[in-house]
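Taking it in order: structure first as structure tokens, then the write-up.
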Amino acid sequence: MKISKLIYLISSVFFTVNVFAQIDGANLFSTDQVVSIELDFPQSDFWQQLQDNYEDIDVNGSVYIPANLTLTDLTGTYVFDSVGVRLKGNSSENHPGDKKSFKIDLNRFITGQDYDGLKKLNFSNCFKDPTFMREKLFFDLCRERGVPAPRANYATVKYNGEDWGFYTLIEQIDDQFLDWRIGDDSGNLFKAGSNFGGGDGEANLVYLGLDQSLYESSYELKSNQETDDWYDLIDFIYFLNSSSVAEFESDLPYRLDLPSFLSSIAFNNLFSNLDTYTMSARNYYLYHNMVTDQWEWIKWDANETFGSYAFGVQTPMTSLPIDFYEGERPLLERVFESELFMSQYTSEICLLLNTVFNPAYLNPVIDDYKALIEEYVYADNNKMFSNNDFTTNIESNLGGGGGTIYGLKSFISQRFDYLSSAVDCSPFASLDDYESEQISVCPNPSADVIMLKGSIEYPMQYSLFGVDGKLIFDGVLNDLNARIDISGLSSNIYYLRLGNKSIKFVKQ
């Protein structure tokens, strides 16, 4: 007789939909929606002040000006006095006209003020994206597959009653994000710096020595600023550059959340997202998780996915090899040179090709996004592209003086076809129907024992496979013995097969 049992393990680093709905920011991000933002500035020259303050820094950091905020989402309308507003962005600042990316800080002038637990909100002007979908689509998929990434939605924006445009609304990477996604916010959070215009250096993870000041032009400490101790980052960078091959392969899974990182770089490659560590060496965060003592790799700024950031790369964006990178990138270089880690990374590429990165899965998702936002895109008179560009670029490429802007569906189709022929996924064929939403492994990573969370029917047969798809052992779980002993396994990535589903986990 089958016994159905629903197991809740809230202490796990993964979250079910029910748990997710209770976390900070659920009103804005748990449901796809278009939020209304109305900012009323008391200053007659507010726009000039915002522009003048764009690059200014004072003792409190970036310079904000006050405005009153009216925010409307699916739960109601909320009014806030004296929120802070400033312009933001690097390349997005080149968006023509006055539709610039900006940030709201609800806590800037009134201590303790927030909305739904959130203090800061980011608004992206969708620079170089006629579809308004690239960033949200990318972040949504990353999060669905366990990669740390901000939540995203959409917003219409008014300044002093004037329609200012249609924006992507992006979650701030801060202690609220760390609380819900990582489960710890006491460690050091570093943001990869900008390398534009002679500004900050590349955050390429190249070792420069023990002097902290040598890294401060490339990375920015976003937490624990009073302590201002960068030793953990410098030690991690030293390890990446100086460890032997054996040390690198044995110790990297203890120092870095490796499964999540491999998924992260696989997503970058699949979507030709090069304005990140892969090529520009920026637009990512590193967080030192004090619970696991591992570094967590966090996504950021994905408006130039789908090959929009090329900068001299001669290979078509749809035909990039899976080990592509440019410049000194010691972490990528060593992962790709390692037979062990390259096998794990390739298995992740194959897994994503067989699950979410293919036209059959993504085209309906894109159609749903289009239905949600089309009327708002058409109503945006300050956008960078035309209504026809919006419709066309969802399906196919746009040309012009600025180069090719790849169509969403055409890019996915061509990239999928190329990788399906260029990458040998046969060793991982038994893992094609991987799915993590209903049942997952915890703790993950684990050193000795794993359990399952989710909707479980006992007895349940299981099989455990390596990254090469070979069976290691199998057995039966029941309600009296629902644990699997993995203490005898070596440190690596494994797949637990349950019926027709496979769940990825890492053995420390």
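Classification of the stretch 209-315 by its C-alpha gyration tensor yields a prolate form. The axis ratio a/c (a ≥ b ≥ c) is 1.5 or more, and a/b outweighs b/c. Placing R0 at 56 angstrom, the Cβ-Cβ distance between Asp448 and Asp45 gives a FRET efficiency of 0.30 after rounding to 0.05. Here volume of the Cα convex hull per residue in Å³ was computed from the coordinates, and among (1) 213; (2) 183; (3) 154 the match is (3).
Only DSSP H runs of four or more residues enter the estimate; each adds -39500 (n - 2.57), and after division by the residues of the chain the mean residue ellipticity at 222 nm equals -7500 deg cm²/dmol. Counting only DSSP beta bridges with both residues in the chain, the antiparallel share comes to about 90 percent. For Asp211, the accessible area of its heavy atoms, probed at 1.4 Å with every protein chain present, is near 80 square angstrom. The Cβ shell under 11 Å around Asp40 holds other residues with a net charge of -2, Lys and Arg each +1, Asp and Glu each -1. Evaluating kT/(6 pi eta Rh) at 4 °C and 1.567 mPa s, with the Kirkwood radius of the stretch 314-453 over Cα pairs in the Stokes-Einstein relation, gives 71 µm² s⁻¹.
Between Glu226 and Thr70, the simple spin-label model (points 7 angstrom out along Cα→Cβ) gives 3.9 nm.
Please report, as a whole percent, how much of the solvent-accessible surface of the stretch 273-345 comes from carbon and sulfur atoms (probe radius 1.4 Å). Looking at the stretch 273-345 in its full context, I get 48 percent from C and S. Straight-distance candidates among the lysines for linking to Lys504, with alpha-carbon spacing under 27 Å and chain neighbours fewer than 8 residues away dropped: Lys2, Lys5, Lys136, Lys299, Lys453, Lys470. Our summary gives the stretch 96-159 a relative contact order of 22 percent, counting only alpha carbon pairs under 8 angstrom and 6 or more residues apart. Given their separation in residues at 0.36 nm each and the Cα-Cα distance between them, Asn478 and Ser420 gain 17.0 nm when the chain is fully extended. Please give the helix 339-353 orientation as an angle from the longest Cα principal axis of the chain, in degrees from 0 to 90, rounded to the nearest 10. Taking Cα atoms only, the helix is inclined about 70 degrees. With the simple model of a label 7 Å out from the Cα in the direction of the Cβ, Leu372 to Lys470 spans 4.4 nm.
Work through the residues other than Pro66 whose Cβ is under 13 Å from its Cβ and net out their charges, Lys, Arg +1 and Asp, Glu -1. Walk me through the numbers before you get to the answer.
Details: positive: Arg86, Arg108; negative: Asp40, Asp81, Asp105.
So the environment of Pro66 carries a net charge of -1.
Averaging the Cα positions of each part gives two centres, and for the stretch 257-277 and the stretch 347-409 these lie 20 Å apart. The residues packed around Gly165, meaning those with a beta-carbon under 11 Å from its beta-carbon, carry a net charge of 0 if Lys and Arg are +1 and Asp and Glu are -1. Remark: relative contact order (the chain) = 14 percent; criterion is Cα-Cα distance under 8 angstrom and separation of 6 or more residues. What the chain shows is 41 Å² of accessible area per residue, with the surface traced by a 1.4 Å probe over protein heavy atoms.
The alpha carbon gyration tensor of the stretch 75-187 gives principal lengths a ≥ b ≥ c with a/c of 1.5 or higher and a/b no greater than b/c, which makes the shape oblate.
The values are calculated or read from the model by the stated rules, or taken from the named source; none is laboratory data. Here the structure is a predicted model, which means the values were calculated and not measured. Because the Cβ atoms are built from the backbone with ideal geometry, glycine has one as well, and the counts that use them run over all protein chains shown. Ligands, DNA and RNA are excluded from the accessible area calculation, which covers all protein heavy atoms including side chains. Shrake-Rupley method; radii C 1.70, N 1.55, O 1.52, S 1.80 Å.
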